[in-house]
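Colleague: Below is a structure I'd like to ask you about.
Any read-out appearing in this document is the output of simple, stated calculations on the displayed coordinates, not a laboratory observation. Remember, predicted model here, so these are calculated numbers, not experimental data. Here the Cβ positions follow ideal geometry from the backbone for every residue, glycine too, while neighbour counts run over all protein chains shown.
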Amino acid sequence: MGLSTERLGLYNPEKPMENRITDLGPRHFWQYFPPIIQNNYGKWKYHEILEPGVLVHVSETGDKVFTIRVGGCRFMTVEHVREICEIADKHCDGYVRFTTRNNIEFMVDSQDKMEALKKDLQSRKHVSGSYKFPLGGTGAGVTNIVHTQGYIHCHTPATDASSMVKSVMDELFDYFQGMTLPAQLRVSMACCLNMCGAVHCSDIALLGYHRKPPIVDNEVMESVCEIPLVIAACPTAAISPTKTESGKKSVKIKEERCMFCGNCYTMCMALPLSDKEGDCVTVMAGGKVSNRISPPKFSKVIIPALPNNFPRFPEVCESVRRIIEAYAEGANKYERLGDWAERIGWEKFFEKCGLPFTEHLIDDYRLAYDTYRTTSQFKYTEAAWNVSKAVGGVE
Amino acid sequence: MAFEPREDQKELKYDELRIYSDEELNNYTEEELKNFKVKHDISMLEDLESGPWPSFIADAKRGALHRRKLADDRMLIERDVIEDMLGQLQISFKDGETHWKHGGIVGVFGYGGGVIGRYSDLPDKFPSIAHFHTMRVNQPASKFYHTDYLRSLCDLWEYRGSGMMNMHGSTGDIIFLGTFTEQLEPIFYDLTHILQQDLGGSGSNLRTPSCCIGRARCEWSCIDTQDMCYELTHYYQDELHRPAFPYKFKFKFDGCPNCCVASIARADMSYIGTWRDEIRIDQEAVKAYMGGEIAPNGGAHKGRDWGPFDIQKEVIDLCPTKCMWLEDGKLMIDNKECTRCMHCINVMPRALRPGEDTGVSILFGAKAPILEGAQMSLLTIPFMKCEPPYDNIKENVIEPLWDWWMEEGKNRERLGELIQRQGVSKLLEVLNIPPMPQMVKEPRSNPYIFWKEEDVPGGWKRKIEDYRARHAR
């Protein structure tokens, strides 16, 4: 039976439950493993990155699988997927894989096939000139940015995702195709605090953030939202019930208590937050998920707000590059960005990255005390002298 | 070895399933693509076509051109859907705001998840995306595919939807971006009846589980991540499709502590492969690394000259527990002191391998910042053998945990927040496990212990008269 082509296909709206199949789950993975993977499942002995984007895994059986990793956009059309299929059919007996970070992996079982595949991939470009399948994303470099939907499909974003990722990856392209950093560096991007892509443990996290309190749509509040749920949704108790002049039930916002999390808007469409001037990009850094050497860490806010400068986000690109360059210069081999910042001290991190330290970066939410420094150990930087000068402690 | 599916898998052949002919699939020339103009002003988007990184705009344009050249009866939603999406995106850039409306409850009968309703707030300007619902399609574990399957999905989705998708969404699903309400059920029927494929999760339910590449192509995986992911996804289909939880719940399976799917940061229940015997050492290979014959870290640092490999500096001194040393040219490891951070194994994959007596560590409660701040998962179960069908995990861990959370969790309260609110001791009670020092970074520094009456000799019932008999007022 082929895919159906009638307007409603196999579905009969007169009898919606007829022939309904449910709870099938995903298809089984084993059939999608190419023979080289099936034959060597659980027998892999070691791997080596031959060059950026090219890996070989060697099995106890002596078999080798060559993998070419290429960057991909999370957003793709069926045209792009079909081109991926064309490549997979041509070189890989129809098998292909996607990584957690939206890269695409093509696997072959010999060096010759790998060389032919590589040449093919490198030759494919969009008519506007950008690569379709850039090799890279391996080893001590920058791999693809995982991200969220942004303006393409989401109702809560404080910025756009695909465009920022495209711009930042253009900026970091040499790092994607090189392995020149002290360790791998993971950049992640989320358009709002909901973080449907969890960016909170990334070496560098780019986060869309609202900065204006919600506007109350009094006209519809009582008819479209459960007011008690809206009130309960606010983590700082900034929302309270009120009545409009015309007697409609609504809510009022204690604006100075708002931390702009947007949870109220998630609960209630009558409280929009987005705003051209208010919405911005917050940059966080120093997180990781690997347990290697040091435990996983959260990313820390290092730039409170950069402008949503569509479509290329020059300020974001420039800041990310600056941070990575300082890290590349200063960190030891194997040291992740956060480990480097902790070793040299965050005061030195700000100095080396040339980033201003503003009051926004000192935590004032719950458990803020955990981040206060309670020791006399510190390093002298310009920021420290500014404090000393301000109180007349030095000239 | 081979893994067997729970039910026979229909063999999918694209040539038998396809909707479009080769002529239809190749219906434009490169020259036409170069000259193609989208019907709306997309000047800001076109700025994103240059530069080396793959341009999603360039891709969208070819999707749009392809649609424009298909015959009228060869797609069931509007032809202009990609062009309209681009047009709206341009306006969103200009306005600095999204133009998608809040919410919208649509779905397929009997499921409470898998479809996310979406409507444009500029439907007059962009009528083809007035409805733009997302469908989440549950990906095969670790995202290996065959083109027969992918091409069939593409035909289905171009015919009945926008032809725009995500490979993949953050949680792991294949995302179909944008179709009209009328086509949701037909797509679901074709998926289930013809492609033997189900939707993924959304809403307050079990979200589509995901896993790392595991033993399929990684020498470090301590568990069969795909099989665990597949089995638990299938076993808990009801929880995945019919929201009955306080909020979302995520399983993620990492084969080793490198955590390539970031389970520790984003899963309510993080499974991390580990071992309890000794790191396997090949002393000959250690010597080869020391002699510079093998590039360290699988060649990950080849792009820069870091000087000759120094095992003392790069491995032994960086070991977080300092449990390694050299003795007569041999690398020694005090495995009792090892915390399995993977650094030495990462640096010398040909010399060191994880042990062979493997299982999982289970951690609970990770989540993104909404609402009370981000959390990482709490190490709760140090080691657990895991053999299919994983009954020990289902019965002793998952189900008591869900019972507790469904009983006590507040609306939109993630597991990690419930653990914080009711305390780790409650979690231990629910799982019927004793406490261990491994659950904390350090013991508490305040003595505000919530003693229970039964913990204290003599209980709490006392009489003030007795007290006053000893102490004048």
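Colleague: Rounded, prolate or oblate: pick one for chain B, where a ≥ b ≥ c are the square roots of the eigenvalues of its C-alpha gyration tensor, a/c under 1.5 means rounded, and failing that, prolate if a/b is larger than b/c, else oblate.
Modeller: Note, shape of chain B comes out oblate.
Colleague: Further question: Taking the range B:1-95, which GluC sites (Glu not before Pro) meet the DSSP loop condition and have no more than 14 other C-beta atoms within 10 Å?
Modeller: Within the range B:1-95, the qualifying GluC sites (Glu not before Pro) (loop, at most 14 other Cβ atoms within 10 Å) are B:7, B:11.
Colleague: Would you please name the chymotrypsin sites (Phe, Trp or Tyr not before Pro) within the range A:304-389 that are DSSP coil residues with at most 16 other C-beta atoms within 10 Å of their C-beta?
Modeller: Those that pass, being in a loop and sparsely packed, are A:365, A:372, A:378, A:380.
Colleague: Using a Gaussian network model of chain A with C-alpha springs under 10 Å, which one of A:311, A:157, A:52 is most mobile by mean-square fluctuation?
Modeller: Of A:311, A:157, A:52, the most mobile in the Gaussian network model is A:311.
Colleague: Evaluate the charge dipole of the range A:25-96 about its Cα centre and quote only its size in Debye, nearest 20, assuming +1 on the Cβ of each Lys and Arg and -1 on the Cβ of each Asp and Glu.
Modeller: 240 debye
Colleague: How high is the relative contact order of the range B:276-362? Use alpha-carbon pairs under 8 Å, at least six apart in sequence, and give a whole percent.
Modeller: 48 percent
Colleague: Counting alpha carbon pairs within less than 8 Å and at least 6 residues apart, what relative contact order, in whole percent, applies to the range B:14-194?
Modeller: In percent, rounded to a whole number, it is 20.
Colleague: Please report Rg (one decimal) and Dmax (integer) in Å for the Cα set of the range A:24-133.
Modeller: For the range A:24-133, the Cα radius of gyration and maximum Cα-Cα distance read 14.4, 45 Å.
Colleague: List the longest stretch of chain B that has no exposed loop site; here a site is one of the chymotrypsin sites (Phe, Trp or Tyr not before Pro) assigned by DSSP to anything other than H, G, I, E or B, with at most 13 other Cβ within 10 Å.
Modeller: My reading of the result: B:110-447 is the longest stretch.
Colleague: Sticking with this structure for a sec: Taking just the alpha-carbon atoms of the range B:14-194, what radius of gyration and Dmax come out, in angstrom?
Modeller: Final numbers for Rg and Dmax: 16.4, 48 Å.
Colleague: Could you tell me whether the range A:213-362 comes out rounded, prolate or oblate from its Cα gyration tensor? Rule is a ≥ b ≥ c as square roots of the eigenvalues, rounded for a/c under 1.5, then prolate if a/b exceeds b/c, otherwise oblate.
Modeller: prolate
Colleague: How many percent of DSSP beta bridges within the protein assembly as shown run antiparallel, rounded to 5?
Modeller: Taking every DSSP beta bridge with both residues in the protein assembly as shown, the antiparallel ones total about 85 percent.
Colleague: With the cut-off at 1.5 for a/c, could you classify the range B:69-142 from its C-alpha gyration tensor as rounded, prolate or oblate?
Modeller: Note, shape of the range B:69-142 comes out oblate.
Colleague: Could you list, in their original order, any pairs among B:37/B:143; B:10/B:143; A:119/A:352; A:288/B:313; A:276/A:297 whose Cα atoms are separated by more than 30 Å?
Modeller: Among B:37/B:143; B:10/B:143; A:119/A:352; A:288/B:313; A:276/A:297, the Cα-Cα distance tops 30 Å for B:37/B:143; A:119/A:352; A:276/A:297.
Colleague: Considering the Cα trace of the protein assembly as shown, what is its radius of gyration and what is Dmax, both in angstroms?
Modeller: Rg and Dmax of the protein assembly as shown, Cα atoms, are 27.6, 103 Å.
Colleague: Could you tell me what a quarter of the Cα convex hull surface of the range A:285-386 works out to, in nm² with one decimal place?
Modeller: So the Cα hull casts an average projection of 8.0 nm².
Colleague: Determine the sum of side-chain charges near residue B:432: Lys and Arg each +1, Asp and Glu each -1, restricted to other residues whose C-beta is under 13 angstrom from that of residue B:432.
Modeller: -3
Colleague: Then there's this: Run a plain Debye calculation on the range B:283-353 (Cα atoms as equal point scatterers, no solvent) and give log10 I(q)/I(0) at q = 0.12, 0.19, 0.20 Å⁻¹, rounded to two decimals, same order as the q list.
Modeller: Here log10 of I(q) over I(0) equals -0.29, -0.73, -0.81.
Colleague: Stick to Cα atoms and the Kirkwood definition of Rh, then tell me Rg/Rh for chain A.
Modeller: Here Rg/Rh amounts to 1.04.
Colleague: Given the -39500 (n - 2.57) contribution per DSSP H run of 4+ residues, what per-residue ellipticity at 222 nm results for the protein assembly as shown, rounded to the nearest 500 deg cm²/dmol?
Modeller: Only helices count here, giving -7500 deg cm²/dmol.
Colleague: Go through the range B:258-331 and name the trypsin sites (Lys or Arg not before Pro) that are in a DSSP coil and have 11 or fewer other Cβ atoms within 10 Å of their Cβ.
Modeller: Qualifying residues, ordered by number: B:322.
Colleague: Sticking with this structure for a sec: Could you tell me which Cys residues in chain B have no other cysteine's Cβ under 4.7 Å from their own Cβ, answering none if every one has a partner?
Modeller: B:154, B:218, B:222, B:256, B:259, B:319, B:323, B:338, B:341, B:344, B:386
Colleague: From Cα pairs below 8 angstrom and at least 6 apart in sequence, can you work out the relative contact order of chain B, rounded to a whole percent?
Modeller: 11 percent
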